[in-house]
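To keep things clear, I will list the structure first and then write my remarks on it.
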């Protein structure tokens with residue numbers, strides 16, 4: 001049995017905004033490889049491009065009328081994959097706690113399940129979860145920008161300490177989703 005996609009359904013997937021979002025998914029393994037191979041300039045360019053596409057994809061979706069729940073899930077999933085790959089690579093270099101990449105992936109899966117995305121419901125974020133999402137990009141960006149620009153600060157122990165703070169805040173965010181009902185969160 002072959003699966004075909006109608007032009008109308010394909011149009012929901014093939015949008016400019018989703019293209020920008022998908023570019024981060026392609027960039028994730030490139031960033032991880034650049035970090036692992038100490039190709040600092042490449043890592044910096046990939047990271048900057050990813051941040052720019054993350055800032056632009058939502059705006060493009062709104063401007064072109066391409067906003068969809070699929071786009072929202074794709075955006076969050078791509079962000080999670082990008083920071084998980086990058087922080088996972090930093091974990092392999094000893095710059096970030098290795099467990100953090102696993103926790104980011106687990107927290108994102110919990111976020112999807114808790115939001116009941118499979119039932120067609122919109123994503124429900126929490127304040128701590130939103131801040132963690134931003135902080136993952138910041139943690140990833142600190143050594144990538146530092147090394148890409150040839151700076152000496154902040155040193156690896158500080159980056160690792162920030163990573164451990166994120167381990168704790170990620171665990172708290174996950175616990176919050178387990179303990180408090182979605183209606184109690186904002």
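The values are calculated or read from the model by the stated rules, or taken from the named source; none is laboratory data. Fair warning: this is a prediction, and the values are worked out from it, not measured in the lab. No Cβ is skipped: glycine too gets one built from the backbone with ideal geometry, and neighbour counts run over all protein chains shown.
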Applying the selection to the range 67-76, what residues are surrounded by fewer than 18 Cβ atoms within 10 Å (Cβ to Cβ) and in contact with a helix residue (DSSP H, G or I) (Cβ under 7 Å, 6 or more places away or on another chain)? 67, 68, 70, 73
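Matching residues to (1) surrounded by fewer than 15 Cβ atoms within 10 Å (Cβ to Cβ); (2) assigned to a loop (DSSP other than H, G, I, E, B); (3) at pLDDT below 95:
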site: 141; (1), (2), (3): no, no, no
site: 146; (1), (2), (3): no, no, no
site: 151; (1), (2), (3): yes, yes, no
site: 154; (1), (2), (3): yes, yes, no
site: 159; (1), (2), (3): no, no, no
site: 164; (1), (2), (3): yes, no, no
site: 169; (1), (2), (3): no, no, no
site: 175; (1), (2), (3): yes, no, yes
Please go through the range 55-93 and pick out each residue that is within 12 Å of residue 19 (Cα to Cα) and in contact (Cβ under 8 Å) with a residue 40 or more places away in the chain. 57, 58, 60, 61, 66, 71, 74, 75, 78
Looking at residue 30 and the list (1) over 17 Å from the mean Cα position of the chain (by Cα); (2) farther than 23 Å from residue 132 by Cβ; (3) modelled with pLDDT of 95 or more, which single condition is not satisfied? (1)
Go through the residues of the range 45-52 one by one and say whether even a single one is loosely packed, with under 14 Cβ neighbours inside 10 Å, part of a helix (DSSP H, G or I) and modelled with pLDDT under 95. no
Run residue 95 past the list (1) crowded, with 16+ Cβ neighbours inside 10 Å; (2) assigned to a helix (DSSP H, G or I) and report the number of the one that doesn't hold. (2)
